[in-house]
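Notes to accompany the following structure.
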Amino acid sequence: MALNWKLVIDTADAPALADFWAAALGYEVEDPSALIERLLAAGHIGEESVAEHHGRRTFRGFAAIRHPEDPFDETSGIGRGRRLLFQDVPEGRTGKNRLHIDVHADAGGLDTLVARLEGLGATRVREVNKGPAGHWWVMRDPEGNEFCAA
C-alpha cells in the first residue's frame, strides 16, 4: 500500500515562505482557522499557539500549502494530497540543501518562469545548459533554499 506524505521545510518565517511557494507553484495556502477555533474552544491549545496572517488565524510558526485540485479535510483545512508544510525552527540554514524542488515550465517558457519567480522574491544562482540533456536555473527562494527552474 502506498503511503501519504508531505514535504516539510524548515523556515525562519513559515507564513511568508508558504506565500512565496503557493504563488510559485499555483498552490493554495491552507486555512486552519476553523480547526484553531475548535481547539481553542475545547481548551486544547491556548492563544500563545496562534498567530494571524493575512487576516486569518494560523498556528504560530507553521503554514502549509496544497495543490488546488487535491482533496482536503473541510473541517481542518488540511490537504490530503500534494502538500508542503513550513515550520519555523530556531537555527538558521547551514550548508547546501540535500533535497530540493524542481519547478517545470511549459515548453519554451523557462525565461518567463524564471522572471515570474524573481518577481515573487527568488534569486538566480547559476544557469546550467546541458543542451539536449536539459537546461535549467538553480535559484534560491526568499530564505535561501535552493531549487531549480527547468
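Rule-based calculations on the coordinates, nothing more; no lab input. Fair warning: this is a prediction, and the values are worked out from it, not measured in the lab. Here Cβ is always computed from backbone atoms with ideal geometry, including for glycine, and neighbour counts include all displayed protein chains.
Angle of helix 110-120 to the longest C-alpha principal axis of the chain, folded into 0 to 90 degrees and rounded to 10: 40°. Globularity index of segment 86-127 is 1.48 (Cα radius of gyration / 2.2 N^0.38 Å, N = number of residues). Each residue, GLU52 and VAL8, gets one label point 7 Å from its Cα in the Cβ direction; the gap between the two is 2.9 nm. For the chain, the longest principal axis of the C-alpha atoms and the axis of helix 14-25 are separated by about 50°.
For the chain, count the residues as N, evaluate 2.2 N^0.38 Å, and divide the Cα radius of gyration by that value, please.
Working: Rg = 17.1 Å, N = 150, 2.2 N^0.38 = 14.8 Å.
The chain yields a ratio of 1.16.
Looking at segment 5-95, which chymotrypsin sites (Phe, Trp or Tyr not before Pro) are in a loop (DSSP not H, G, I, E or B) and have at most 15 other Cβ atoms within 10 Å? Before the final figure, lay out each step's value.
On the way: sites: TRP5, PHE20, TRP21, TYR27, PHE59, PHE62, PHE72, PHE86; in loops: TRP5, TYR27.
Of the chymotrypsin sites (Phe, Trp or Tyr not before Pro), the ones in loops of segment 5-95 whose Cβ has at most 15 other Cβ atoms within 10 Å are TRP5.
Report, in cubic angstrom per residue, the convex hull volume of the C-alpha atoms of segment 1-82.
116 Å³
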